[in-house]
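The structure appears below as structure tokens.
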Amino acid sequence: MKIWVEQKPYRRRFRQPLRTAHGLWRWRQGILLRCQDDAGRVGFGEAAPLPWFGTETLDQAQQFWRQKAGWLRTEAALLVPDGLPASQFAVGAALSEMTAAPGPAGSVYPLGHEDICGLLPAGGNALETWSGLWTRGHRTFKWKVGVFPVAAELAWLESLIGQLPADCRLRLDANGGLTLQEAEAWLARCDALGIAAGDSIQGSASGGIEYLEQPLPPGQFEAMQRLSHQFETAIALDESVSTRVGRETCDRQNWPGLYVIKPSIGGYPARLKAFLSRVGPRVTFSSAFETVVGRQAVLGLALEHYRQYLPQRPFPALGLGTANYFDDDWDHLTPEALWQTL
Ligand SMILES: [Mg+2]
């Protein structure tokens, strides 16, 4: 089999620059891949690097794919080194789409807003924002914490929990920004707010807080492990498990909590699936602000996983609430149409 490989870079502007630990993020840049075999079958893939999560840079991905472009004689010629996990995901997704048996059109699982986690703004603004998302159908919300002084945020948390209807769930994401004392204060307050930590793992929580995400920086694994034994509220790791080495290390050290997985920066999908089958239902999936190409691959992987481990809906809401974040209409395009516009 011979495979024709093409790459096209893309660049999209956020409507509102995103605040990250590394400053303002204004443009999402990445690469689309198109693979076609000599039988004419086509598959798309996307490399959407996030270097601050341990992936290759855009330049490294571009250099790699520029040198691969053209006819390749075997799949083996498309092997991607481990230092380029976003590119590994891209080619894995493209080849599996290319070689998949054609499914019926529209076979994608119909997703509703209740399947997607709605993003609340940091701080007290969350109190004015959740009801709009709730009206749209979201039932799980994510709130960035560790942005304002702890005492203020804990007071807002209490108000927010008081306001949210009983069928709602709240995820608190600290992005590794808390001190140990602050993390303890958060977890103690969450416990006091009457949270049954185990519920969320089965996707059946009747209310309350689903988990506190990445309270401490990745280097403080043991402290987070202690915290998760010490408190009822579940802890999820995100930044700690963004690389393959990171997630396998945490797994080997018997991490008892949840894993937030961003598949599109997680390396080869096949390897990621092997990891996921070890941790079973203790997973939520999250976006890295991909285009429709990466999003479909992420969605396919997430839904395949939940069908296996949590066949009953609702499953934990997907962290893919990134529609309307960009200043373009790409979210309405098919992969083929997006490819044509680039
Ligand atoms: Mg996170």
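Every number here is computed from the coordinates shown, using simple stated rules; none is lab data. Quantities reported herein were computed from a predicted structural model and do not represent experimental measurements. Backbone-built Cβ (ideal geometry, glycine too); neighbour counts: all protein chains shown.
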Quick check: pseudo-label points 7 Å beyond the Cα along Cα→Cβ at ARG19 and ALA185, how many nm apart are they?
1.8
Unit Cα scatterers, Debye sum, the chain: log10 I(q)/I(0) for q = 0.07, 0.08, 0.09, 0.15 Å⁻¹
-0.29, -0.38, -0.48, -1.31
Whole-percent tail of the Cα-Cα distance distribution for the stretch 186-342, cut at 24 Å, equals 38
What number, in percent, do you get for the relative contact order of the chain if the mean sequence gap of Cα pairs under 8 Å and at least 6 apart is divided by its residue count?
18
Using a Förster distance of 30 Å, how high is the FRET efficiency between ALA192 and ARG26, based on the Cβ-Cβ distance and rounded to 0.05?
0.15
Distance in nm between pseudo-label sites at ALA152 and ARG73 (7 Å out along the Cβ direction from Cα):
6.4
Put a dot 7 Å past each Cα toward the Cβ at ASP37 and THR135; how far apart are the dots in nm?
5.0
For the chain, which DSSP H helices look membrane-span-like by this rule: Cα extent along the axis of 20 Å or more and mean Kyte-Doolittle of at least -0.5?
85-99, 292-309
Would you pull out the residues with amide H under 5 Å of ILE261's amide H, same chain only if 5 or more places away, H placed 1.01 Å from N?
THR284, PHE285, SER286
Mind ranking 273-286, 319-332, 167-180 by how tightly packed they are, going by the mean number of other C-beta atoms within 10 angstrom, highest first?
167-180, 273-286, 319-332
Under 20 Å between alpha carbons, and skipping anything fewer than 8 positions from LYS68 in its own chain: which aspartates and glutamates qualify?
GLU6, ASP37, ASP38, GLU46, GLU56, ASP59, ASP82, GLU97
Which one, HIS22, PHE53, ALA39, projects farthest toward the positive side of the charge dipole computed for the stretch 1-60 from Cβ point charges (K/R +1, D/E -1)?
HIS22
